[in-house]
Amino acid sequence: MFSLKDKVAVITGGGSGIGKAISVLFVKQGAHVHIIELNAEAGSQVVSQIEADGGNAQVHAVNVSDQQAVVEAFEAIGKIDILVNNAGIAHVGNVEKTAEVDFERVFNVNVKGAYNCLYAVVPLMKANGGGAILNLASIASHVGITDRFAYSMSKGAIYAMSLSIARDYLNDQIRCNSISPARVHTPFVDGFITKNYPGQEPEIFEKLSKSQPIGRMAKPDEVAALALYLCSDEAGFITGCDYPIDGGFIKLNN
Ligand SMILES: NC(=O)c1ccc[n+]([C@@H]2O[C@H](COP(=O)([O-])OP(=O)(O)OC[C@H]3O[C@@H](n4cnc5c(N)ncnc54)[C@H](O)[C@@H]3O)[C@@H](O)[C@H]2O)c1
């Protein structure tokens, strides 16, 4: 079960955190993985790790916000069975603390980046007889999170984008779903704690861990396991769905 043998998977932001865990697991399950990364160095390190374990992967130094670069990279790959729209960036602040430049930066990566990859992949998947798409949403797509104005809007867009794609391409055998993690312990989390709460890192880490009723953050490997299921043929009856992976955050925080 859950074999990805002979499948070609494109993972955006595969150089770090959740995308790295998904890339490593998908290769282990037999996929040929293409990592789309802004940070080519980080992507190359993941590829080296995969190759050292006997696997097969490639990195493409591409900014997902750049439509032409995305289309060229995807067309060069050619046959794509799986797309994981994972690249994303954070911003902390309510609307008053969200400058136009912050808003645009977050939307350019989280929303336009995902759209660009969908725009590039759908014609290829249609020509190939179908495919599986997984988008990284967030608990912020579903519930109000303090001080995450731009980020939450961007993840709400991901949720709606997934439904739109799932509906439009039902007859093309393209499935599209999303995952909504609560806090996952990745460099993304460490980065925004350091940037936004200097000097308070241990307390904030503890607070963020406890905001999941289960008492800790998720591990990237746990998110990768759900991604594997949703992108595998075993999930062939699942489309237009969102899966929280949240340690009880949405339903048990009372
Ligand atoms: N970590 C969490 O707590 C959490 C929770 C919910 C959702 N998510 C979502 O999961 C996804 C991955 O998060 P993570 O924690 O692994 O992040 P991360 O920062 O560890 O990794 C993100 C990767 O995306 C790459 N990237 C950023 N901008 C890019 C661009 N313009 N083009 C190409 N690549 C780009 C980065 O270089 C990095 O390697 C994001 O979409 C994030 O919003 C994360």
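The values are calculated or read from the model by the stated rules, or taken from the named source; none is laboratory data. None of these values were measured; they are calculated from a predicted model. Positions of Cβ are generated from backbone atoms using ideal geometry, with glycine treated the same way; all protein chains shown enter the neighbour counts.
Close Cβ contacts (under 9 Å, 6 or more residues apart or on different chains) running from residues in the stretch 76-90 that are at positive phi to residues that are modelled with pLDDT of 95 or more comprise 78/8; 78/124; 78/128. Apart from one condition, residue 110 fits all of (1) part of a helix (DSSP H, G or I); (2) modelled with pLDDT under 95; (3) not aromatic (Phe, Trp, Tyr); the exception is (2). Within the stretch 229-254, the set of residues being within 20 Å of residue 173 (Cα to Cα) and buried (at least 21 other Cβ atoms within 10 Å of the Cβ) comprises 230, 231, 239.
Total residues in the stretch 226-254 satisfying the condition of being small (Gly, Ala, Ser), in a loop (DSSP other than H, G, I, E, B) and in contact (Cβ under 8 Å) with a residue 40 or more places away in the chain: the figure is 4. Residues that are modelled with pLDDT of 95 or more, buried (at least 17 other Cβ atoms within 10 Å of the Cβ) and over 13 Å from the mean Cα position of the chain (by Cα) within the stretch 72-92 comprise 73, 74, 77, 80, 81, listed in sequence order.
Please tell me if residue 235 is under 30 Å from residue 129 (Cα atoms) and touching a Phe, Trp or Tyr at 6+ places or on another chain (Cβ under 9 Å). Here the answer is yes, as residue 235 does meet what is asked.
Which number in (1) under 30 Å from residue 197 (Cα atoms); (2) charged (D, E, K, R); (3) within 16 Å of the ligand (Cβ to nearest atom) marks the one condition that residue 100 misses? That leaves (3) as the condition not met. Of all the residues in the stretch 214-225, those that are out of contact with any Gly (no Cβ under 7 Å at 6 or more places or on another chain), outside any loop (DSSP other than H, G, I, E, B) and buried (at least 19 other Cβ atoms within 10 Å of the Cβ) number 2. Scanning the stretch 90-106 for residues that are among the β-branched types (Val, Ile, Thr), within 20 Å of residue 137 (Cβ to Cβ) and assigned to a helix (DSSP H, G or I) gives a single hit, 106.
Matching residues to (1) touching a Leu at 6+ places or on another chain (Cβ under 9 Å); (2) farther than 18 Å from residue 19 by Cα:
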position	(1), (2)
47	no, no
53	no, no
80	yes, no
85	yes, no
95	no, yes
104	no, yes
108	no, yes
123	no, yes
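Kindly indicate whether residue 65 is closer than 28 Å to residue 249 by Cα and either of a type outside the set (A, V, I, L, M) or more than 13 Å from the chain's Cα centre (by Cα) (or both).
On the way: closer than 28 Å to residue 249 by Cα: no; either of a type outside the set (A, V, I, L, M) or more than 13 Å from the chain's Cα centre (by Cα) (or both): yes.
So residue 65 does not fit the description; no.
The residue that is nearest to residue 66 (Cα to Cα), among those in the stretch 1-10 that are away from the ligand (no atom under 13 Å from the Cβ) and either of a type in the set (Ser, Thr, Tyr) or crowded, with 24+ Cβ neighbours inside 10 Å (or both), is 9. Could you check, for the stretch 85-96, whether at least one of its residues is in contact with a strand residue (DSSP E or B) (Cβ under 8 Å, 6 or more places away or on another chain) and among the acidic types (Asp, Glu)? Within the stretch 85-96 (the criterion being in contact with a strand residue (DSSP E or B) (Cβ under 8 Å, 6 or more places away or on another chain) and among the acidic types (Asp, Glu)), the answer is no, since none of the residues qualifies. Within the stretch 106-115, identify whether any single residue is among the aromatic types (Phe, Trp, Tyr), under 15 Å from residue 8 (Cβ atoms) and away from the ligand (no atom under 12 Å from the Cβ), and answer yes or no. Taking every residue of the stretch 106-115 in turn, none turns out to be among the aromatic types (Phe, Trp, Tyr), under 15 Å from residue 8 (Cβ atoms) and away from the ligand (no atom under 12 Å from the Cβ).
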